[in-house]
Amino acid sequence: MKDTQGRQVTGRVRWRKFAVLAVPGFAVTGALAVALAQGALAASFAVSGQEFKVSAKTMTGEGFAQYGGLDYNLRNGEDHPFPVAVTALKKAKINGLCQSVVTHIPIVGTFSLNISAGNDPNKPVEAKDLVLDVTQLEGDAEFDNIEIGRDASTLDKGPVTAQGMQDLFAQQADKVTIKDVKQVAYATTAAKFKLSGLSLKLHAGKSECF
């Protein structure tokens with residue numbers, strides 16, 4: 001199969017359909033203890049336990065990998081792991097980025113922190129070795145040379161550290177383009193993150209990207 005520019009495309013799926021396929025890989029909570037023993041944590045730090053939302057008009061990337069992983073929330077001095085879908089890109093460009101997090105502060109009330117960047121089509125957000133720990137991701141995705149169902153421990157197209165546990169479901173591709181991105185995440189890490197046209201605003205009440 002070839003795309004509109006005559007390039008060979010070995011896989012093209014809608015993101016919502018892929019989410020259904022990926023569930024067996026990252027929803028097996030019985031492996032949590034084993035994953036912790038092997039150090040198979042998605043984020044390299046304890047997450048706040050508070051989710052945030054991210055949307056974008058388009059996200060294009062080179063060196064794509066996705067697999068099941070674990071984040072952990074530190075409560076009462078103990079680690080509490082929970083499963084996430086790890087999405088990793090060697091290089092990424094994002095147009096129309098919006099990030100929002102809603103926090104409730106006792107007595108004071110509810111506040112929202114909103115960050116936007118990359119609204120100029122000629123100045124997108126740029127990232128290197130971008131890793132997203134998500135529990136929900138929607139959009140229309142197109143892949144170049146995709147491999148679906150690969151063993152997570154053998155991934156080699158994404159960032160060097162982007163590998164999961166042996167025998168777990170994963171996919172990878174040379175390139176990916178996702179339009180109308182909507183995701184719910186617990187952590188984002190990157191070796192470099194360039195936010196062109198950064199805007200940060202604090203709002204009283206609930207104000208989210210979607």
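The values are calculated or read from the model by the stated rules, or taken from the named source; none is laboratory data. All values derive from a computational prediction rather than experimental measurement. For neighbour counting, all protein chains shown are included, and Cβ atoms are generated from backbone atoms with ideal geometry for every residue, glycine included. Side chains included, ligands, DNA and RNA excluded: accessible areas come from the protein's heavy atoms. Shrake-Rupley method; radii C 1.70, N 1.55, O 1.52, S 1.80 Å.
Mind checking the stretch 76-160 for trypsin sites (Lys or Arg not before Pro) that DSSP puts in a loop (not H, G, I, E or B) and that have at most 14 other Cβ atoms within 10 Å? For trypsin sites (Lys or Arg not before Pro) across the stretch 76-160 that sit outside H, G, I, E and B with at most 14 neighbouring Cβ atoms in 10 Å, the list is empty.
Using only side-chain charges placed at the Cβ, +1 for Lys and Arg and -1 for Asp and Glu, the dipole size of the stretch 164-210 relative to its Cα centre rounds to 300 debye. The residue among Pro124, Ala152, Gln171 whose Cα reaches farthest toward the positive pole of the charge dipole of the stretch 98-198, with charges on the beta-carbon of Lys, Arg, Asp and Glu, is Pro124.
A 1.4 Å probe run over the protein chains yields, for the stretch 129-182, 44 Å² of accessible area per residue, whole-number rounding. For the peptides 49-60, 116-127, the ranking by packing is 49-60, 116-127, with the highest mean count of neighbouring Cβ atoms within 10 Å listed first.
Report the far tail of the P(r) of the stretch 61-193, meaning the percent of Cα-Cα pairs longer than 23 Å. Distances greater than 23 Å cover 39 percent of the Cα pairs.
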